[in-house]
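Engineer: Shown below is the structure under consideration.
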Amino acid sequence: MNKSSQPRLRFFAQASSQRHIPTQDQYLYRAPEAKFNIAIIGTGTIGQEHMRVATLLGRAHVHGIYDLEQHSLDAAQAEYSTYSVRTLIRYKSLTQACEDPEVDALFICTPNFTHFEVLKTAVQSGKPIFVEKPMATKLADAAAIVQIANEYSSFIQIGLQYRYKAQYVEAFHETLERASLGKVKTISMSEYRPPFLDKVKQWNKFNEYSGGTLVEKCCHYFDLINLMAQAAPQRVYASGGRAVNFLDLEYKGRRADIDDHAFVIIDYENGVRANFTLNMFCPDFVEEMVVTGEFGRLLATERFDFHQQQPATASISLELGENGASRTTTLGYPRVVEQSGHHGATFFEHQAFFDQMEGKAADCATPLQGMWAMIVASAAQESMQSGQPVVISELITREKLASLLAGKQE
Ligand SMILES: NC(=O)c1ccc[n+]([C@@H]2O[C@H](COP(=O)([O-])OP(=O)(O)OC[C@H]3O[C@@H](n4cnc5c(N)ncnc54)[C@H](O)[C@@H]3O)[C@@H](O)[C@H]2O)c1
């Protein structure tokens, strides 16, 4: 977890009772001078979240924006003007955005099927690059991105920011650093949530543009499970499909084909067994991770009452029986951080990105980790289609990934 180095109350500076404190009199309220300029490519839902979070964090200015849609640019600029007085450059082309000498880093926030193509232009700049998850829709493209990253003069970070959610930071610490559970044996993860939201051109309702539900959304969870298992996946079986959502959605003459529920089982090389449950026809968001080891059980939860717009609640419970002290802890980041996006995870993702830019050690999702998450997701998609388990070594051979992976899970 990345920490700020000085005591600051810069979030309190936004309180209505504190706005009279002039800049020259600020100490606790003053944000550090931003060292970097970033350009946002794709100013939809997550592009706007990155603009908001970058501004809140204050380590970088949003210098310019690029999108194919005028409407997305207008909406992003209007939202930006509610919290910043800075002017934004609107780039006329992707190349212009990437090559702007004033810009130090690029954030690719376009739909999944565009990531690889946009990235190919972005790497010509030699600048640090952030690419939203999933890194690609196909494993072959993900592998090509890992190859590009291996040879790149700067770095590429993938937008797998759930690892910074408060409950998972604590779950990893408890399990992997304190080893409170002893050796981990089983991991059980679930997400119950409402359907995929509306998107520009409804790209997330189609397997072709999204990579499929398990790639598009669940790469987050497979990344978490991979990190917790600390081993390479060996075999994946999944059952799932389309039960409720978008059954009648037709966009430009094409029927939506995106799945809305799944059960996935993953066997890891070190004997850890994991499962993942997805249900996308629920009213609100509930995420859970249950980790069980030799000495006890850990439960990490997050609940977000979407309809009441209550702040999310997160907790971890440690149940150690006769092996130690059990406890339940409620977790949270400052409200302003949580509200900036993904319950604060995106804020800490930015900390990690800018730490990496400054050459500091940071826990950032690497392209290789992004590809491992995609390997599990793609195997699960394949298993749902065929009804058969997928042996990961066979998938790796078939997809010609062996030399890239060299048998290792990061
Ligand atoms: N990390 C997370 O938790 C998280 C959350 C939401 C979305 N995402 C990811 O972010 C990406 C964008 O999702 P979104 O929800 O913002 O979608 P969105 O539809 O709201 O916005 C996408 C924007 O990209 C623009 N766009 C499309 N192709 C483009 C191109 N070639 N060049 C420039 N702009 C282009 C669209 O016009 C649109 O404005 C997806 O990969 C998605 O999976 C990640």
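The values are calculated or read from the model by the stated rules, or taken from the named source; none is laboratory data. Computed from a predicted model, the values in this text were never measured in an experiment. Virtual Cβ from ideal backbone geometry, glycine too; neighbours counted across all protein chains shown.
Engineer: Of the numbered conditions (1) out of contact with any Pro (no Cβ under 9 Å at 6 or more places or on another chain); (2) without any contact (Cβ under 8 Å) to a residue 60 or more places away in the chain, His115 fails exactly one; give the number of that condition.
Structural biologist: (1)
Conditions (1) at positive phi; (2) assigned by TED's automatic domain parsing to the domain that holds Gln381; (3) hydroxyl-bearing (Ser, Thr, Tyr), marked per residue:
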site	(1), (2), (3)
Glu170	no, yes, no
Leu181	no, yes, no
Val184	no, yes, no
Glu191	no, yes, no
Pro194	no, yes, no
Leu197	no, yes, no
Gln202	yes, yes, no
Gly212	yes, yes, no
Tyr221	no, yes, yes
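Engineer: Looking only at segment 70-91, filter to residues that are of a type in the set (Gly, Ala, Ser) and surrounded by fewer than 21 Cβ atoms within 10 Å (Cβ to Cβ); which one of those is farthest from the ligand (Cβ to nearest atom)?
Structural biologist: The qualifying residue farthest from the ligand (Cβ to nearest atom) is Ser84.
Engineer: Could you give me the residue pairs with C-beta distances under 7 Å whose first residue belongs to segment 42-59 and is free of Cβ contacts under 8 Å to residues at least 60 places away in the same chain, whose second residue is within 11 Å of the ligand (Cβ to nearest atom) and assigned to a helix (DSSP H, G or I) wherever it lies, and which are 6+ apart or on separate chains?
Structural biologist: Gln48/Ala76; Met51/Ala76
Engineer: Applying the selection to segment 105-124, what residues are among the β-branched types (Val, Ile, Thr) and surrounded by 24 or more Cβ atoms within 10 Å (Cβ to Cβ)? Let's see the steps before the verdict.
Structural biologist: First, pick out the residues of segment 105-124 that are among the β-branched types (Val, Ile, Thr): 108, 110, 114, 118, 121, 123.
Within segment 105-124, Ile108, Thr110 qualify.
Engineer: Right, another one. When segment 365-410 is examined, which residues are found to be at pLDDT below 95, within 30 Å of Asp259 (Cα to Cα), hydrophobic (A, V, I, L, M, F, W, C) and in a loop (DSSP other than H, G, I, E, B)?
Structural biologist: Listed by number, the list holds a single entry, Leu401.
Engineer: Can you tell me which residue within segment 22-57, out of those that are under 12 Å from Tyr83 (Cα atoms) and more than 15 Å from the ligand (Cβ to nearest atom), is surrounded by the most Cβ atoms within 10 Å (Cβ to Cβ)?
Structural biologist: Filtering segment 22-57 for residues that are under 12 Å from Tyr83 (Cα atoms) and more than 15 Å from the ligand (Cβ to nearest atom), the one surrounded by the most Cβ atoms within 10 Å (Cβ to Cβ) comes out as Leu56.
Engineer: What is the residue count in segment 111-129 for residues that are within 10 Å of the ligand (Cβ to nearest atom) and touching a strand residue (DSSP E or B) at 6+ places or on another chain (Cβ under 6 Å)? Step through it out loud before you land on a result.
Structural biologist: Filtering segment 111-129 down to residues within 10 Å of the ligand (Cβ to nearest atom) leaves 111-115, 117-118, 121.
Then keep just the ones that are touching a strand residue (DSSP E or B) at 6+ places or on another chain (Cβ under 6 Å); that gives 115, 118.
Within segment 111-129, residues that are within 10 Å of the ligand (Cβ to nearest atom) and touching a strand residue (DSSP E or B) at 6+ places or on another chain (Cβ under 6 Å) number 2.
Engineer: Oh, and also: Residues of segment 178-219 being near the ligand (Cβ under 9 Å from one of its atoms) and either over 15 Å from Ala377 (Cα atoms) or assigned to a strand (DSSP E or B) (or both), which ones?
Structural biologist: Passing the criteria: Leu197, Asp198, Lys199, Val200, Lys201, Gln202, Trp203, Asn204.
Engineer: Please indicate, with yes or no, whether at least one residue in segment 155-162 is more than 16 Å from Phe353 (Cα to Cα) and of a type in the set (Phe, Trp, Tyr).
Structural biologist: Keep residues of segment 155-162 that are more than 16 Å from Phe353 (Cα to Cα), which gives none.
Scanning segment 155-162 turns up no residue that is more than 16 Å from Phe353 (Cα to Cα) and of a type in the set (Phe, Trp, Tyr).
Engineer: Tell me the residue from Asn226, Asn245 that is away from the ligand (no atom under 16 Å from the Cβ), buried (at least 18 other Cβ atoms within 10 Å of the Cβ) and in a loop (DSSP other than H, G, I, E, B), please.
Structural biologist: Asn245
Engineer: Asp67 passes all but one of (1) charged (D, E, K, R); (2) buried (at least 21 other Cβ atoms within 10 Å of the Cβ); (3) at pLDDT below 95; which number fails?
Structural biologist: Answer for Asp67: the failing condition is (3).
Engineer: If I ask for residues that are in a helix (DSSP H, G or I) and either within 11 Å of the ligand (Cβ to nearest atom) or of a type in the set (A, V, I, L, M) (or both), which ones from segment 151-162 would you list?
Structural biologist: Within segment 151-162, the first condition is being in a helix (DSSP H, G or I), and the residues that meet it are 151, 161-162.
Scanning segment 151-162 gives Gln161, Tyr162.
Engineer: Give the residues of segment 355-364 that are farther than 12 Å from Tyr164 by Cβ and part of a loop (DSSP other than H, G, I, E, B), sorted by residue number.
Structural biologist: Passing the criteria: Glu358, Gly359, Lys360, Ala361.
Engineer: Here's another thing I want to ask about it. Could you tell me which numbered condition Val85 fails, if it satisfies all but one of (1) modelled with pLDDT of 95 or more; (2) over 30 Å from Ala143 (Cβ atoms)?
Structural biologist: Val85 satisfies all of (1) modelled with pLDDT of 95 or more; (2) over 30 Å from Ala143 (Cβ atoms) except (1).
Engineer: Count, please, the residues in segment 305-331 that happen to be modelled with pLDDT of 95 or more and either buried (at least 19 other Cβ atoms within 10 Å of the Cβ) or closer than 25 Å to Ala13 by Cβ (or both).
Structural biologist: Number of matching residues: 4.
Engineer: Further question on the same structure: Do we find a residue being within 16 Å of the ligand (Cβ to nearest atom), over 27 Å from Ala144 (Cα atoms) and at pLDDT 95 or above anywhere in segment 92-101? Please lay out each step first, then the result.
Structural biologist: Residues of segment 92-101 within 16 Å of the ligand (Cβ to nearest atom): 92-100.
Narrowing the set further to residues that are over 27 Å from Ala144 (Cα atoms) leaves 92.
So of that shortlist, the ones also at pLDDT 95 or above come out as 92.
Yes, that holds for at least one residue.
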